[in-house]
1. Give the chain C residue with the shortest beta-carbon distance to the rotation axis relating chain C to chain D, plus that distance as a whole number of Å.
2. Which helices, counted as full DSSP H runs in chain D, have an axial Cα extent of no less than 18 Å and a Kyte-Doolittle average of -1.0 or above?
3. How many partner chain Cβ atoms sit within 10 Å of a residue's Cβ in peptide C:64-75, on average, as a whole number?
4. What are the label-to-label distances in nm, one decimal and shortest first, from D:K45 to the same spot in the other copies, with labels 7 Å along Cα to Cβ?
5. What is segment D:12-111's relative contact order, in percent, from Cα pairs under 8 angstrom and six or more apart in sequence?
6. Can you sort C:L22, C:L111, D:L67, C:L77 from fewest to most other Cβ atoms within 10 Å of each residue's own Cβ?
7. Between segment A:37-80 and segment D:35-65, what's the alpha-carbon centroid distance in Å?
8. So what is the 222 nm mean residue ellipticity for chain A from helices alone, if each DSSP H run of at least 4 adds -39500 (n - 2.57) and you divide by all residues, rounding to the nearest 500 deg cm²/dmol?
4 protein chains.
Amino acid sequence: MESITQSHPYSTPSHCTADFCLIPIGTSSPSVSQQVADVQRLIEKSGVKFVMHSAGTTLEGPWDKVLNVIGQAHTMLHNQGIVRIQTDIRVGSRTDKKQSMEDKVAVVERLLGKK
Amino acid sequence: MESITQSHPYSTPSHCTADFCLIPIGTSSPSVSQQVADVQRLIEKSGVKFVMHSAGTTLEGPWDKVLNVIGQAHTMLHNQGIVRIQTDIRVGSRTDKKQSMEDKVAVVERLLGKK
Amino acid sequence: MESITQSHPYSTPSHCTADFCLIPIGTSSPSVSQQVADVQRLIEKSGVKFVMHSAGTTLEGPWDKVLNVIGQAHTMLHNQGIVRIQTDIRVGSRTDKKQSMEDKVAVVERLLGKK
Amino acid sequence: MESITQSHPYSTPSHCTADFCLIPIGTSSPSVSQQVADVQRLIEKSGVKFVMHSAGTTLEGPWDKVLNVIGQAHTMLHNQGIVRIQTDIRVGSRTDKKQSMEDKVAVVERLLGKK
């Protein structure tokens with residue numbers, strides 16, 4: 001536990017996957033597709049690897065860069081007049097191997113005999 | 001607010017989408033693909049509509065049925081000897097229209113000019 | 001894996017803890033406190049053990065009962081005219097011991113020397 | 001939408017609340033209290049405002065600082081030999097007012113006539 005008493009802070013993981021679902025609150029319309037599209041464009045410009053699905057968007061890259069892009073998405077939508085935003089993020093990191101989003105699905109599909 | 005004082009409980013939504021990510025805890029191995037594959041088979045047998053992606057599995061159907069299947073997945077894995085399981089669920093319901101998983105993605109892709 | 005091919009479905013866990021954060025979408029106001037208060041009243045009437053905190057409400061009880069109450073909350077708010085609702089749920093079950101919400105915090109506080 | 005085509009990236013929110021639940025995977029033990037305690041100590045040293053509850057820990061502060069501390073927690077536990085970590089984060093930001101964790105609970109309790 002001596003690591004806890006060190007004076008230097010830890011770095012953040014150099015690689016992670018983060019699946020997020022962003023929700024604008026108080027927008028008067030139940031549709032959020034316009035905002036989701038804007039966020040997709042923002043991510044595309046950022047250069048971070050991403051895949052959209054029906055329940056969120058999965059990002060892959062260095063922790064700081066990935067979480068920074070999600071924060072930028074909040075700011076972008078705040079700038080559009082959305083005063084409150086709530087995002088759910090599932091973020092994972094591992095040190096035993098570098099496993100991409102595609103690898104994760106492929107391993108399960110192989111077990112299921114689908115590939 | 002008189003609805004709150006009613007004696008009959010509310011029903012649950014007849015339709016919802018639920019994206020879940022299940023994590024076995026204390027399994028000695030960092031790999032969870034075997035458990036994820038077993039859960040996929042369980043869902044397939046249940047008849048609930050589902051799609052797997054790299055950060056979870058999205059279900060679509062009546063609230064009770066969808067949440068019941070996820071609970072069954074916990075029990076199935078407990079029966080395999082996994083003593084602790086934690087699942088994150090993003091569940092949504094709407095009454096203005098019936099929107100499928102595919103519809104949600106299609107709307108955003110149309111806005112992005114990809115379809 | 002023979003258990004997977006059985007014809008009888010699994011039961012759901014008899015005990016779980018579920019922490020949820022419910023978000024009404026398209027409400028025109030960024031405030032959700034009125035809805036959160038209504039949900040608290042609904043839970044109180046249900047008899048399910050609960051504790052509210054700043055980022056959600058934690059429930060404790062049988063899987064079916066706990067997830068049913070959250071579904072009822074969706075229906076109650078839909079009945080109030082809120083057409084879209086998104087909820088994030090962190091649900092956990094374990095079979096090695098029955099650990100209450102209070103126990104979980106107490107164990108960590110003891111390790112931190114706060115109790 | 002011209003904001004999307006700008007060359008300068010957006011900043012991240014200067015204030016947010018983030019409730020997170022960190023799960024070590026492949027630890028052989030179902031107990032995670034030791035890791036949770038270590039993370040509490042790390043946060044305390046970081047100077048970020050925080051409150052622990054039974055289903056997670058809520059942080060409050062600038063986006064970059066808050067998300068950085070959670071990333072540091074991943075690295076700290078990786079350094080202890082935990083090869084895989086999954087965290088669920090509920091992060092919210094709003095621009096209409098600065099609302100603390102305590103404010104959020106107080107507003108609901110007032111509506112419930114408890115304060």
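What follows draws every value from the coordinates through simple rules; no lab data is involved. Remember, it's a predicted structure, so these values are computed and weren't measured experimentally. Methodologically, a virtual Cβ is constructed for each residue, glycine included, from the backbone with ideal geometry; neighbour enumeration extends over all protein chains shown.
1. Output: C:H53, 2.
2. Length and hydropathy pass: D:33-46, D:63-79.
3. 6
4. From this label point to the equivalent ones elsewhere in the assembly: 3.8, 4.8, 5.0 nm.
5. 44 percent
6. C:L111, C:L22, C:L77, D:L67
7. Centre-to-centre (Cα) distance: 24 Å.
8. -12000 deg cm²/dmol, from helical runs alone.
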